[in-house]
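The values are calculated or read from the model by the stated rules, or taken from the named source; none is laboratory data. All values derive from a computational prediction rather than experimental measurement. FYI the Cβ positions are ideal-geometry reconstructions off the backbone, even for glycines, and counts take in every protein chain you see.
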Amino acid sequence: MRNGRARLALALPRHRQQLRALKDREMEDLFEAYALASGAIESLRNEYPRREELLLEYQNLCLDMQAEVVAFLEGGPAPDARQPEGE
């Protein structure tokens, strides 16, 4: 979990202090998921031949988690809680 929190702090420098101070069980689960996904990116980048499609999928997953964390920290709705467009 600390690894995921630290990785997010590197990816989101404007929110480092908030991330370090955050005590939320749901976010702890997200930190763990982020650690696993970012670890998978590292592994996929070292593969030869690269599985570009899978690498892109994990990169997008990490970006989605970053957006969710930022929305949580800024007090807005999490991206997955928004209504689909057109409804």
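Key figures
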{"quantity": "Selection from segment 15-72 of residues that are part of a loop (DSSP other than H, G, I, E, B) and not basic (Lys, Arg)", "calculated": "22, 24, 46, 47, 48, 49"}
{"quantity": "Pairs where the first residue, in segment 34-52, is farther than 18 Å from residue 4 by Cα and without any contact (Cβ under 8 Å) to a residue 12 or more places away in the chain and the second is charged (D, E, K, R) and exposed (fewer than 11 other Cβ atoms within 10 Å of the Cβ), C-beta under 7 Å, 6+ apart", "calculated": "none"}
{"quantity": "Residue pairs meeting the criteria (Cβ under 9 Å; at least 6 apart or on separate chains; first closer than 23 Å to residue 39 by Cα and hydroxyl-bearing (Ser, Thr, Tyr), in segment 57-85; second in a helix (DSSP H, G or I) and at pLDDT 90 or above)", "calculated": "58/37; 58/38; 58/40; 58/41; 58/44"}
{"quantity": "Pick from segment 20-33, criterion within 12 Å of the chain's Cα centre (by Cα) and in contact (Cβ under 8 Å) with a residue 12 or more places away in the chain, ranking: surrounded by the most Cβ atoms within 10 Å (Cβ to Cβ)", "calculated": "31"}
